[in-house]
Amino acid sequence: MAYKDPEKKKQKMREYRQNNKDKILEKTREYRQNNKEKIAEYYQNNKEKILEKTREYRQNNKEKVAEIRRKYTENNKEKIAEYYQNNKDKILEKTREYRQNNKEKVLKYKREYGNSPKGKSLSVNKYAKVRGAEGNISVKHIKSLMKLNKCNAPNCQHTDNLEYDHKIPISKGGLNIDSNLWTLCPNHHREKSKYDHSLNQSLKPDWLDIDYKIQEVEKPKTAQLSLF
């Protein structure tokens, strides 16, 4: 049946695809299996056009693409692991080649990722892990700290270059958990760190209302890592 209204036709097609996913996937797999050479030839003759369309789609549908990748990774862990093991050298070579040819792009991505809530939580958790601390800082907590954007020392108005700090230091047995992580400005962080290292009461900042009644833990024999 022909539709005069293009939007109505599109809607019907969407409904058909939604109601016949398995059937369509099976037909697609069958076609690809039986037409490998034809598909490869089409790709080679239209490579730039296809890549441009792909980049444009990913740019305009970042959240959708990320969700599709997340679901695929979650549902195909064994398949992905097997592929990686069977193609490890090839993948590593491709990765090195890409990084070598896209240095500025890779550096930009690292900076953006490092400044994202996920990147910051990963950095804090790595810092804590090499020091033998239990627990993990959640991305949600990092987001809340970034949104709050304040130094937790009373009456401090600084909002620039805030630094993450474990209220009870890991070196004194503090846990790497959300309730033990806050942000301080560089000056207050340095002030607190002097006390943290010595526990000399004469160095305890007046604003610090935390009592470290926890046994000091043994320092790990790993090199110190920078948070960011």
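The values are calculated or read from the model by the stated rules, or taken from the named source; none is laboratory data. Every value quoted in this text rests on a predicted model; they were computed, and no experiment measured them. Here the Cβ is made from the backbone with ideal geometry for all residues, glycine too, and neighbour counts use every protein chain on show.
Side notes on the structure shown:
- Test: residue in region 164-171 that is at pLDDT 95 or above and of a type in the set (A, V, I, L, M, F, W, C): no
- Restricting Y164, Y98 to those that are surrounded by fewer than 17 Cβ atoms within 10 Å (Cβ to Cβ) and either touching a helix residue (DSSP H, G or I) at 6+ places or on another chain (Cβ under 9 Å) or not small (G, A, S) (or both) reduces the list to Y98.
- In region 128-150, the residues that are assigned to a loop (DSSP other than H, G, I, E, B), in contact with a Ser or Thr (Cβ under 6 Å, 6 or more places away or on another chain) and surrounded by 20 or more Cβ atoms within 10 Å (Cβ to Cβ): I137
- Figure legend. Inter-residue proximity from region 193-206: first residues over 17 Å from G173 (Cα atoms), second residues in a loop (DSSP other than H, G, I, E, B) and of a type in the set (A, V, I, L, M), beta-carbon distance below 8 Å, spacing 6+ or different chains. Indicated pairs: P205/A153.
- Filter pass, I177 being in contact with a Gly (Cβ under 7 Å, 6 or more places away or on another chain) and at pLDDT 95 or above: yes
- Just one of the listed residues (K4, K71) is in a helix (DSSP H, G or I) and at pLDDT below 95, namely K71.
- Residues in region 151-161 that are of a type outside the set (S, T, Y), more than 22 Å from the chain's Cα centre (by Cα) and loosely packed, with under 14 Cβ neighbours inside 10 Å: P154, N155, Q157, D160.
- Sole exception among (1) crowded, with 18+ Cβ neighbours inside 10 Å; (2) among the hydrophobic types (A, V, I, L, M, F, W, C); (3) out of contact with any helix residue (DSSP H, G or I) (no Cβ under 8 Å at 6 or more places or on another chain) for I210, by number: (1)
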